[in-house]
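The values are calculated or read from the model by the stated rules, or taken from the named source; none is laboratory data. Keep in mind that what you see is a predicted model, and the values were worked out from it rather than measured. Every residue, glycine as well, gets a Cβ built from its backbone with ideal geometry; the counts of neighbours run over all protein chains shown.
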Amino acid sequence: MTCSPAIETAGLCKSYGSTRAVRDLNLTVQPNRITAFLGLNGAGKSTTIKMLLGMIKPTAGSGTVLGRRIDNPADSVAIRRAVAFVSEDKRLYSYMTVEQIVRFTSGFFPGWRSDLAAALMRKYELPPGRKVRHLSKGMRTKLDLLLAVSRHPALLILDEPSEGLDPLGIEQLLETLVTECADGTTVFFSSHQIAEVERISDQVCVIHKGGLVMDASLDALRQSWRQVDIVFASIPDQADFQMVGVERIRTRGRQMSIVASRNVEAIVERARDFQASTVDVTLVGLREIFLQTVEEN
Amino acid sequence: MLIKLSTSAGQPLYLQLMQQIRHAIETGALRDGDQLPGIRTLAEELVVSPGTVAKAYSELEHEGALALHHGAGAFVCVNRRTRRFGDRVQAARERVDHLILRLRDEGLLDDEIRRLFEGGLLLPRVETVGKR
């Protein structure tokens, strides 16, 4: 397995007038994995993706996609050839039928997998004879996805792919992403849907106000992030619990609630040193971690 | 083999998968020489990253519970080591049952006992860096 990153940015910035949409972003996406790009609306997800694809120019900083520089026009063409992109605003030829656009697109890509395209057409229940302009939003997304994966791209980038899909559609989308990854495609998708991110991602990057605030493997999150609820006879100072791994402390009456990314054993130990009457360790999910990370920053 | 992974459990998905395969071997649901689905097939079925399945399979191979043949798939190996592991689990189960009975005798409610067990298990054994 190759180890050079599929995507790498250094100090990437994009400003629109006085608005700084992306600021000093250092992002690394490893190949052959599924990486989620999580953030609130307006956090800078789409702007970042557009810069990666050479659709807009960075104000400052640099980046590479599959080893090619995003600010170099010649490289940018090569990037767009090797990377498939599924976006919110679909730029499909609306006067063509589903069948026509599939045939039309296949002509541009030598590695086109027509068996996969046919299988997905059935799976997604896309009507071959219907004009693209008469498709529902969910159907357009599925068609866009079909066109993207049938190219068998080295890297598949999706911007909020589950927007406008019903639960069955989301399930089919996730299945398709998993299959693509198994076939050797690196998957990078932006989302604000925690549940889908939690299921299929290997890695989650959180962007907030244009900067990266978290980059963690889901395995590590599940294994080491914990909430520790402590009841004291007399409450100690919060400063006594500012330890390695402590992400947040809240105090109410005699209770203290700590969220920790690691070092839970030492925190429990410290609580006992302060004569805690009860210490409860509970799980903390990606939803809480995400909300807390964006609130903090 | 029926596998159900929980995204809300405090355990990486690959570890859950390993445990459920081990459990299926202990209970006899999987026998020596049985073939497991390929990485791609199982990842599609469970809708999890193929990396999750690959990691579970390779760790189980390391333990000696699975043999991976390139291209042909994964095969269950019931050997002395896995059998011994099954015996250990059986012995542990008896001790846990005994402890639960005693705690009940001492007046603890099942919910409290469950919380104590779960809380105890959530203490990490190995430190893993989670953020930044």
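Values for this structure:
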| item | result |
| --- | --- |
| The listed residue being touching a helix residue (DSSP H, G or I) at 6+ places or on another chain (Cβ under 6 Å) and part of a strand (DSSP E or B), out of A:Ser190, A:Ser94 | A:Ser190 |
| Complete set of residues in the stretch A:263-297 that are more than 10 Å from every other protein chain (Cβ to nearest Cβ), within 30 Å of A:His192 (Cβ to Cβ) and surrounded by fewer than 15 Cβ atoms within 10 Å (Cβ to Cβ) | A:Leu291, A:Gln292, A:Glu295, A:Glu296, A:Asn297 |
| All strands (runs of 3 or more DSSP E) inside the stretch A:1-87 with 3 or more residues being surrounded by fewer than 19 Cβ atoms within 10 Å (Cβ to Cβ) | A:7-16, A:19-25 |
| The stretch A:197-207: number of residues that are within 7 Å of chain B (Cβ to nearest Cβ) and part of a helix (DSSP H, G or I) | 3 |
| Enumeration of residues in the stretch A:103-152 that are surrounded by 14 or more Cβ atoms within 10 Å (Cβ to Cβ), out of contact with any strand residue (DSSP E or B) (no Cβ under 6 Å at 6 or more places or on another chain), closer than 20 Å to A:Ile79 by Cβ and not β-branched (Val, Ile, Thr) | A:Phe109, A:Trp112, A:Leu147, A:Ser150, A:His152 |
| All helices (runs of 4 or more DSSP H) inside the stretch A:208-297 with 1 or more residues being polar (S, T, N, Q) | A:218-224, A:286-296 |
| Residue check, B:Glu26 more than 13 Å from every other protein chain (Cβ to nearest Cβ), among the acidic types (Asp, Glu), surrounded by 14 or more Cβ atoms within 10 Å (Cβ to Cβ) and under 30 Å from B:Arg115 (Cβ atoms) | yes |
| Verdict on A:Thr35 being in contact (Cβ under 8 Å) with a residue 12 or more places away in the chain and more than 19 Å from A:Leu177 (Cα to Cα) | no |
| Qualifying positions in the stretch B:29-49 - hydrophobic (A, V, I, L, M, F, W, C), in a loop (DSSP other than H, G, I, E, B) and more than 14 Å from every other protein chain (Cβ to nearest Cβ) | B:Ala29, B:Leu30 |
| Pairs where the first residue, in the stretch A:127-156, is of a type in the set (S, T, N, Q) and the second is at pLDDT below 95 and surrounded by 14 or more Cβ atoms within 10 Å (Cβ to Cβ), C-beta under 7 Å, 6+ apart | A:Thr141/A:Pro161; A:Thr141/A:Gly164; A:Thr141/A:Leu165 |
